[in-house]
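Values in this text are rule-based calculations from the coordinates and carry no lab data. As the structure is a prediction and not an experimental result, all values here were calculated from the model. Glycine also receives a Cβ, built like all others from the backbone with ideal geometry; neighbour counts cover every protein chain displayed.
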Amino acid sequence: MRWHTGFLATISVLLISVLASVGAVPGQGERPPQPFFQDFFSGRISLQGDPAPAGLQLIACIDACSAGFESQPVNVEPAGSYSGLEVNPAEEDLIGRPVTFYLVNEYGRTKAVENWTFIGVFDFYTLDLTFTGPLPMPTPTPTVTPAPTVTPTASLPVPGDPRVTAIPKLALIIGAIAVAGGSALLLMARRRAL
């Protein structure tokens with residue numbers, strides 16, 4: 001009978017230990033991870049008051065396109081309509097963040113007036129988009145026309161040219177004084193040498 005009591009005590013201790021260890025789990029966060037899904041958009045696009053031309057591309061971004069999320073582009077259909085624009089980020093933190101829309105061509109992008117809040121509940125939304133700014137265009141490169149090269153020609157005055165007679169009298173007077181002074185110095189130097 002003693003061994004029955006010891007056996008029951010051992011089983012009881014083991015059972016209590018197992019139950020205690022099952023209840024001791026790491027603390028959970030604020031809420032368990034929730035599944036989220038993509039949002040789909042379709043509608044019409046107005047570019048400066050007219051339907052957007054077919055062939056352009058439309059993208060959606062959450063936060064900044066480069067730092068947040070950028071969707072795969074969809075082509076603008078005839079009469080400026082679009083469909084199947086999928087917003088499907090991998091980060092759950094982007095739920096509740098603003099979604100912006102851009103028309104894209106090979107020269108850049110322009111932003112729509114409207115925006116949306118990312119919900120992530122696998123739903124289809126109709127959203128008409130208005131673009132008031134123009135599409136980006138290539139920056140014109142200025143054409144540089146080389147200046148014509150002018151080769152200077154040396155010319156002597158022609159006899160009878162009025163510019164020849166316009167030599168200032170002061171320059172002639174200073175030149176005559178310099179010649180006279182130089183001659184006088186030479187004469188004095190010659191007399192000393194003798």
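Per-structure values
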quantity	calculated
Tabulated pairs, the range 113-142, first under 14 Å from GLU86 (Cβ atoms) and in contact (Cβ under 8 Å) with a residue 60 or more places away in the chain, second loosely packed, with under 14 Cβ neighbours inside 10 Å and among the acidic types (Asp, Glu), C-beta under 9 angstrom, 6+ apart or interchain	GLY120/GLU92
Subset of the range 88-106 that is of a type outside the set (D, E, K, R) and more than 18 Å from VAL74 (Cα to Cα) - its residue that is surrounded by the most Cβ atoms within 10 Å (Cβ to Cβ)	LEU94
Residues that are more than 19 Å from THR126 (Cα to Cα) and surrounded by fewer than 12 Cβ atoms within 10 Å (Cβ to Cβ), drawn from the range 51-80	GLY55, ALA64, SER66, ALA67
The range 81-101, residues that are among the hydroxyl-bearing types (Ser, Thr, Tyr) and out of contact with any Phe, Trp or Tyr (no Cβ under 9 Å at 6 or more places or on another chain)	SER81
Residue identified as of a type in the set (Lys, Arg), under 23 Å from the mean Cα position of the chain (by Cα) and surrounded by 14 or more Cβ atoms within 10 Å (Cβ to Cβ) among ARG44, ARG109	ARG109
